[in-house]
Amino acid sequence: MKFNEYKYERPDINKLKEEIDLISLKLSNSKDFNEALELLKESENIIDKFNCMYDLAMIRNSIDMSDEFYDKEMEFFSEEAPKFTSSTTNLSKVIVNSKFKNEFINYYSLQWFKLKEISLKTFNDSIIPDLTKENKLVNEYDKLIAQAKIEYDGKINNLSQMAKYSSSSDRNVRKEAAIKVAEYMSSIEAKVDEIYDELVKVRTSMAKKLGYKNFVELGYLNMNRTDYDSKMVKVYRDQVYKSVVPVAKKCIELQKENIGIDDLKFYDIPFFFKDGNPVHGKTKDELLKAAKDMYKKISKYTDEYFNYMCDNELLDLETKPNKSRGGYCEFVPYYNFPFIFSNFNGTTADVDVLTHEAGHGFQVYTAAKYLKSKEIVWPTYEACEIHSMSMEFIAHPYMENFFGNDADKYRYKHLSDSITFIPYGVAVDEFQHYVYENYDASIADRKNMWRKIEKKYLPWKDYDSIDYYTNGAFWHKQGHIFSSPFYYIDYTLAQVCAFYFYLLDLSNHDECLNKYYNLCKMGGSYSFIELLEKNNIINPFIEGSLDNIMAPLYKQLLKLKDKAIK
Ligand code: ZN
């Protein structure tokens, strides 16, 4: 069935609540495991259908934010969904205390059970008004960013459309575009600060109501982290500072050489080669054709999956006015399909969507075939990003499909960007720890701290005296800080694992693909560290682990540079 043919119906929350509450009651009185399992499956069906309707509304709203119908439906979910959560949390309580606990663990998995336990620690009815407020604030932020209208180059551009100027070969264009973006961001700066301040307050309030000292522990639980804590993350960040930052600095030095610029400014960072960045120069349909061919060559599994996505129109790729920013992959339960959303802008990022988001899609498409519950199709977030970021590297040998003679340039730029990304991701994480541990800090304190952390992890960032950035507001553009606190570190943990897959792929392609497929199949039936251990993948929390991979990666980068720059 094509995406547009899936029918949306606003869920009747009161009716669904009654149904779940009745199941909870029956389950707590159940004396027979098979009967209990049947009840649980019935509840899963109801929850899947509810989530499915939410996903359909969310996807259609993100495709056209000016469509009043889905805008209203999203408002409905913001306000009413927490009431439904109240019933499903009660159901989790019954499951956690059930005498069939061990049977459930055997049937589903221990990780599935631990997620139920976590849901009890992250919610009670007293925080419903806070959750509603949090949702509203995040929507407000999203709208401010999505509605950017920046006049440049004779047209009105949104922020995604401005990205293509940031890699222009003309330094003046890069600089002018950067100034235009900074001007727009300055115009909403006070409003964004106010929204974030409110978000910190409301999150701290929820944490306190649930019995935590501040939002950090609750934030970790909200991310479903069952096997690591903020102390382990600190050890990891310190490793990044020690082992990755020096290599990232060398990457930047190479780049300065490549483009012949000594006084590298922040707007030069996206520009990689004197004669221009790699360009695909392809239309959406040509890119899709290139991706189809690539997935056919990678394996029969990826081939089947990508044809399914195309045949059922489960990709919305081109940027359009009123489309929400960024890109994502969603898994829609009940109907059981992945959906990929992005804003193609003519840069190499378009190809990253067809590998990164398509990697997510492949994982959920695969896991949904094997796992007994849709709740564990996705693993926790850091594990999810391994599938997507590794696919970016598994795709390397096929880049001629997209870039022709520029393929080596792409491979070099992609590896360099991936290395320098880790310190940035870690900076975003350290900043959020500061913010939520010091929830009384002022708006100015936060900006000072951001600038300090930036200087520590990204010492090459020179903002060319643009006040907006030198005053410490760069993070205003980083949506995750607003919508998904503590998410960002996950990308960097996964990046380390993706480097592991990349190095394996270079030495043993078949082993890499088998291991990758096996990891995808497991979905979220295990925790992050268990998934790594079961598949013998690098564990970024272990001291010294990053040191082991940075040297071979830098060697590979030099090899790619020689091929890319002739
Ligand atoms: Zn991703």
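Can you go through 320, 296 and tell me which one is in a loop (DSSP other than H, G, I, E, B) and either within 15 Å of the ligand (Cβ to nearest atom) or basic (Lys, Arg) (or both)?
320
Could you tell me which residue of region 75-107 is farthest from the chain's Cα centre (by Cα), considering only residues that are part of a helix (DSSP H, G or I) and basic (Lys, Arg)?
Ranking the candidates gives 101 first.
Are there helices (runs of 4 or more DSSP H) fully within region 424-523 with at least 1 residues that are over 26 Å from residue 364 (Cβ atoms)? List them.
Helices (runs of 4 or more DSSP H) meeting the threshold: 443-457, 467-470, 488-507.
Which residues, counting only those in region 473-484, are open to solvent by 10 Å² or more (accessible area, probe 1.4 Å) and not hydroxyl-bearing (Ser, Thr, Tyr)?
Hits for region 473-484 are 474, 477, 478, 479, 480.
Which members of region 390-420 meet the condition of being within 16 Å of the ligand (Cβ to nearest atom) and either at pLDDT below 95 or open to solvent by 10 Å² or more (accessible area, probe 1.4 Å) (or both)?
Answer for region 390-420, where residues must be within 16 Å of the ligand (Cβ to nearest atom) and either at pLDDT below 95 or open to solvent by 10 Å² or more (accessible area, probe 1.4 Å) (or both): 392, 414, 417.
State all residues of region 366-383 that are assigned to a helix (DSSP H, G or I), within 15 Å of the ligand (Cβ to nearest atom) and open to solvent by 10 Å² or more (accessible area, probe 1.4 Å); if no residue qualifies, say none.
381 - this is the single residue of region 366-383 that is assigned to a helix (DSSP H, G or I), within 15 Å of the ligand (Cβ to nearest atom) and open to solvent by 10 Å² or more (accessible area, probe 1.4 Å).
Say whether the condition of being open to solvent by 40 Å² or more (accessible area, probe 1.4 Å), at positive phi and away from the ligand (no atom under 16 Å from the Cβ) is met by at least one residue in region 266-286.
Within region 266-286, one or more residues are open to solvent by 40 Å² or more (accessible area, probe 1.4 Å), at positive phi and away from the ligand (no atom under 16 Å from the Cβ).
I need every pair where a residue in region 186-208 that is modelled with pLDDT of 95 or more has its Cβ under 7 Å from the Cβ of a residue that is among the polar types (S, T, N, Q) and not in a helix (DSSP H, G or I), sequence separation at least 6 or different chains.
These pairs meet every condition: 204/214; 207/214.
For region 485-509, enumerate the residues that are among the polar types (S, T, N, Q) and either open to solvent by less than 30 Å² (accessible area, probe 1.4 Å) or within 11 Å of the ligand (Cβ to nearest atom) (or both).
Correct list: 492, 495.
Being charged (D, E, K, R) and in contact with a Leu (Cβ under 9 Å, 6 or more places away or on another chain) is the filter here; which residues of region 296-348 pass it?
325
Step by step: first the residues of region 153-185, then only those that are in a loop (DSSP other than H, G, I, E, B) and over 19 Å from residue 272 (Cα atoms), then the one that is least open to solvent (accessible area, probe 1.4 Å). Which residue is that?
Restricting to residues being in a loop (DSSP other than H, G, I, E, B) and over 19 Å from residue 272 (Cα atoms), the top hit is 158.
Can you tell me which residues in region 108-128 are part of a helix (DSSP H, G or I), of a type in the set (A, V, I, L, M, F, W, C) and open to solvent by less than 30 Å² (accessible area, probe 1.4 Å)?
Across region 108-128, the qualifying residues are 112, 113, 118, 127.
Could you please find all residues in region 331-365 being of a type in the set (Asp, Glu) and more than 11 Å from the ligand (Cβ to nearest atom)?
Hit for region 331-365 is 350, nothing else.
Has region 325-343 got at least one residue that is in contact (Cβ under 8 Å) with a residue 40 or more places away in the chain, open to solvent by 30 Å² or more (accessible area, probe 1.4 Å) and among the charged types (D, E, K, R)?
Yes, region 325-343 has at least one match.
Only one of these is in contact (Cβ under 8 Å) with a residue 40 or more places away in the chain and within 16 Å of the ligand (Cβ to nearest atom): 428, 435. Name it.
Checking each option against the conditions leaves just 428.
Looking at region 422-463, which of its residues are among the hydrophobic types (A, V, I, L, M, F, W, C), closer than 23 Å to residue 263 by Cβ and open to solvent by 30 Å² or more (accessible area, probe 1.4 Å)?
Result: 460, single match.
Do you know which residues across region 537-566 are within 24 Å of the chain's Cα centre (by Cα) and open to solvent by 80 Å² or more (accessible area, probe 1.4 Å)?
542
When you scan region 29-50, do you find a residue that is at negative phi, of a type outside the set (Gly, Ala, Ser) and in contact with a strand residue (DSSP E or B) (Cβ under 7 Å, 6 or more places away or on another chain), even just one?
No - not one qualifying residue is present in region 29-50.
In region 50-64, is there at least one residue being buried (at least 18 other Cβ atoms within 10 Å of the Cβ) and either β-branched (Val, Ile, Thr) or part of a loop (DSSP other than H, G, I, E, B) (or both)?
Looking through region 50-64, at least one residue is buried (at least 18 other Cβ atoms within 10 Å of the Cβ) and either β-branched (Val, Ile, Thr) or part of a loop (DSSP other than H, G, I, E, B) (or both).
The values are calculated or read from the model by the stated rules, or taken from the named source; none is laboratory data. Just so it is clear, the model here is predicted, and its values are computed rather than measured. Using ideal geometry, Cβ is built from the backbone for each residue, glycine included, and neighbour counts are taken over all protein chains shown. Just so you know, the surface numbers come from the protein's heavy atoms only, side chains and all, with ligands and any DNA or RNA stripped out. Shrake-Rupley method; radii C 1.70, N 1.55, O 1.52, S 1.80 Å.
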